[in-house]
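*Asks:* Quick one: this structure, given as C-alpha cells, is what I'll be asking you about.
The values are calculated or read from the model by the stated rules, or taken from the named source; none is laboratory data. Every value quoted in this text rests on a predicted model; they were computed, and no experiment measured them. Heads up, the Cβs are rebuilt from the backbone with ideal geometry, glycines too, and the neighbour counts pull from every protein chain shown. All accessible areas refer to the heavy atoms of the entire protein, side chains included, with ligands and DNA or RNA removed. Shrake-Rupley method; radii C 1.70, N 1.55, O 1.52, S 1.80 Å.
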Amino acid sequence: MQDLILALDQGTTGTTALALDRGLRVQGRATVPFPQHFPAPGWVEHEPAELWASVLQAITRALGELDPARIAGIGITNQRETTFVWDAETGASLGRAIVWQDRRTTEACTALKAHAPRIRYLTGLPLDPYFSATKLAWLKARMKAEWPDRKLAFGTADSFVIHRLSGEHRTDPSNASRTMLYDLHRGEWSGELIDLFGVGGIQLPRVVPNAGVCARTKGLAILPDGIPIAGSAGDQQAALFGQGCFEAGQAKLTFGTGSFLLMNSGSRLVPSSQGLITTIAWDVGQGPVYALEGGSFVAGALVQWLRDGLGIISTSAEVEALAASVPDCGGVTVVPALAGLGAPHWRPEARGLIAGLTRGSTQAHIARAALEGIAHSQCDILEAMAAELGAPLRDLRVDGGASANNLLLQLQADLSGLTLRRPALLEA
C-alpha cells in the first residue's frame, strides 16, 4: 500500500526529510547538516557532494524501518537562488555551488546598474547579488576557462535534487522567478536577460507547475525506481502554502537561516515601490499566484554565529535562556547584516555591527540584542509592506526553526504590535 509522502526540505545548512501518512502525521523525521564553506570574505559555498550526501542520509534515517515501497510520491522544497552548475552530458558537478547569501558579484551588479529598472520590470527583482543570474555568469566564466569544451547545465537546489533523484532537468515557477532570468509577464525564460547577463549556451531547466508529476526516481540504491516527484516549491513559497495563506492579503514570516515575510497578492502581479520583491508564489495548474516578499538574509544564522563565531553559546537553543537572563539589552545594539542588508534597503556592501558596548556589557546583553536585531529587521519589512498596502497587516503566521524561540516571538510581537500565530508543526 502506497500510503506515505516523502517530503524533502533541502535547506542552507542541512536537509530535512519527513515521512508523512495520509493524515499528515509524521511517521519518520531526520535532519542532516552539511558543511558551509567561506573561502573569502562575503563568499559562501556548498560542496555539491556533501549536500547530496545529506539528502541521501536524511531520507535513509527518516524512513528507518519504513518500507520505501509505501511512498506514493515525493515533494521537494529548497533554499532558493543558490546556483549549481553541472556537466549537461554526464551530470557531474563542476565545482562548488554559490549560496544565496554570497556577495561576490556585488561589483557585477554595480556595473549593470543602468539596466536595473528593466530587470525589475521583467523579473520583479531588484538588481542584487542575492539572485542567481550574476552568480551563474561568474561560474560560467570560471568553468569555461577550465573546461572550454564542456556543455554546462544550471539549476537551483530544487533542480539539483530532482536531477540527482531522476536524471530529469526541471524547476518550477517559484524557483525560476528567483533566478533573475525569468520573465514574470510571459511566464518563460527571458532571452533578453540571458543575453544581458552573458549566460547564453547554458542548459536551463524546463519550468513545470508546482503540483503534478514532473519526474520519477531512477537509479537510487535507497529508493525504488518510478516514485513520482509530484510537488516542488521554493522554501518560502512552500511555507506560505503550508501555512494556508491561500487568500490575497494573508501573510507568513519564516525564521530560518534568514527570515522571509511573504504576502499572497492573488492573481495580480503587484510591482513594489517600497523595496519589496514581486515573486511567483505558486502555479498548481490554474495560472500563477503572486506574492510580495521582504527578506532579511541573516536571522537564525546570527544565532549560529553567536555559537560558532563568538562561542558564547554551545547550542543554538541556549540563546533564549541566555537572552532572557537580563531584562533588556543594556544599551547594546546588534545589526544583523553579516551578509549585507536585504529588503527594503538592498545594501549588499553593508556589514554586521555591535554597538553600545560598555564595561557592564555581558554575553547575555549581546544575545538579547541579537534577538532584538532580528526582530527589528522584520519591522523594517513590515513597515514597507504596510506602506505598499496602505494599511498594516492585522496578524502574521510564523514558522521555521527559530520560531520555537518564545522570547524572539514575544520581542517581535511587542515591536510590531502584531499578533503572531505559530503552527504546531514548525516545518509547515
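*Asks:* Could you identify the single residue in 407, 415 that is assigned to a helix (DSSP H, G or I) and touching an Asp or Glu at 6+ places or on another chain (Cβ under 6 Å)?
*Replies:* One residue alone meets the criteria, 407.
*Asks:* Sort out which residues of the stretch 357-385 are assigned to a loop (DSSP other than H, G, I, E, B) and open to solvent by less than 40 Å² (accessible area, probe 1.4 Å), and write them in order of number.
*Replies:* Within the stretch 357-385, 361 is the sole residue that qualifies.
*Asks:* Just give me the residues in the stretch 376-428 being of a type in the set (Ser, Thr, Tyr) and over 26 Å from residue 16 (Cβ atoms), in sequence order.
*Replies:* Across the stretch 376-428, the qualifying residues are 416, 419.
*Asks:* Sticking with this one: Test residue 338 against the stated conditions and say whether it is of a type in the set (A, V, I, L, M, F, W, C) and more than 24 Å from residue 109 (Cβ to Cβ).
*Replies:* no
*Asks:* While we're looking at this one, here's another question. If residue 316 passes every condition in (1) open to solvent by 60 Å² or more (accessible area, probe 1.4 Å); (2) of a type outside the set (A, V, I, L, M); (3) at pLDDT below 90; (4) more than 21 Å from residue 239 (Cα to Cα) but one, which one does it miss?
*Replies:* Every condition holds for residue 316 apart from (1).
*Asks:* Related question: Conditions: (1) in contact with a Ser or Thr (Cβ under 6 Å, 6 or more places away or on another chain); (2) touching a residue at least 40 places away in the same chain (Cβ under 8 Å); (3) open to solvent by less than 20 Å² (accessible area, probe 1.4 Å). Residue 260 meets all but one. Number of the miss?
*Replies:* It is condition (2) that residue 260 fails.
*Asks:* Just to be sure before I move on: is residue 220 open to solvent by 20 Å² or more (accessible area, probe 1.4 Å) and hydrophobic (A, V, I, L, M, F, W, C) in the structure I sent?
*Replies:* So residue 220 fits the description; yes.
*Asks:* If you don't mind, another one. Considering the stretch 21-64 alone, what residues qualify as being in contact (Cβ under 8 Å) with a residue 24 or more places away in the chain, assigned to a strand (DSSP E or B), open to solvent by 40 Å² or more (accessible area, probe 1.4 Å) and not polar (S, T, N, Q)?
*Replies:* Correct list: 26, 29.
*Asks:* Next question, about the same structure. Any residue in the stretch 305-319 that is more than 17 Å from residue 374 (Cβ to Cβ) sitting within a Cβ distance under 9 Å of a residue that is at pLDDT 90 or above? List the pairs, counting only those 6 or more apart or interchain.
*Replies:* 314/307; 315/307
*Asks:* To continue, here is another question. Tell me, yes or no, whether the stretch 106-119 has at least one residue that is open to solvent by less than 10 Å² (accessible area, probe 1.4 Å), among the polar types (S, T, N, Q) and either in contact (Cβ under 8 Å) with a residue 60 or more places away in the chain or more than 27 Å from residue 217 (Cα to Cα) (or both).
*Replies:* Looking for residues that are open to solvent by less than 10 Å² (accessible area, probe 1.4 Å), among the polar types (S, T, N, Q) and either in contact (Cβ under 8 Å) with a residue 60 or more places away in the chain or more than 27 Å from residue 217 (Cα to Cα) (or both), one finds none in the stretch 106-119, hence no.
*Asks:* Here is a list: 39, 68, 35. Which entry is more than 23 Å from residue 340 (Cα to Cα) and either in contact with a strand residue (DSSP E or B) (Cβ under 8 Å, 6 or more places away or on another chain) or of a type outside the set (S, T, N, Q) (or both)?
*Replies:* Just a single option satisfies the conditions, and that option is 68.
*Asks:* Which helices (runs of 4 or more DSSP H) does the stretch 227-345 wholly contain that include 1 or more residues that are more than 17 Å from the chain's Cα centre (by Cα)?
*Replies:* 300-305, 319-324
*Asks:* Quick test of your reading of the structure: residue 171 fulfils all but one of (1) open to solvent by 10 Å² or more (accessible area, probe 1.4 Å); (2) touching a helix residue (DSSP H, G or I) at 6+ places or on another chain (Cβ under 7 Å). Name the failing condition by number.
*Replies:* (1)
*Asks:* Right, something else. Could you tell me whether any residue of the stretch 405-427 is touching a residue at least 12 places away in the same chain (Cβ under 8 Å), open to solvent by less than 10 Å² (accessible area, probe 1.4 Å) and farther than 17 Å from residue 300 by Cα?
*Replies:* Within the stretch 405-427 (the criterion being touching a residue at least 12 places away in the same chain (Cβ under 8 Å), open to solvent by less than 10 Å² (accessible area, probe 1.4 Å) and farther than 17 Å from residue 300 by Cα), the answer is no, since none of the residues qualifies.
*Asks:* Residue check: is residue 127 open to solvent by 10 Å² or more (accessible area, probe 1.4 Å), without any contact (Cβ under 8 Å) to a residue 60 or more places away in the chain and within 23 Å of residue 350 (Cβ to Cβ)?
*Replies:* For residue 127, the condition - open to solvent by 10 Å² or more (accessible area, probe 1.4 Å), without any contact (Cβ under 8 Å) to a residue 60 or more places away in the chain and within 23 Å of residue 350 (Cβ to Cβ) - is met.
*Asks:* Now, a different point. Which numbered condition trips up residue 399, out of (1) open to solvent by 40 Å² or more (accessible area, probe 1.4 Å); (2) under 23 Å from the mean Cα position of the chain (by Cα); (3) closer than 23 Å to residue 246 by Cβ?
*Replies:* Going through the list (1) open to solvent by 40 Å² or more (accessible area, probe 1.4 Å); (2) under 23 Å from the mean Cα position of the chain (by Cα); (3) closer than 23 Å to residue 246 by Cβ, residue 399 breaks only (1).
*Asks:* Scan the stretch 1-20 for residues that are open to solvent by 20 Å² or more (accessible area, probe 1.4 Å) and not in a strand (DSSP E or B) and jot them down.
*Replies:* Passing the criteria: 1, 2, 3, 13.
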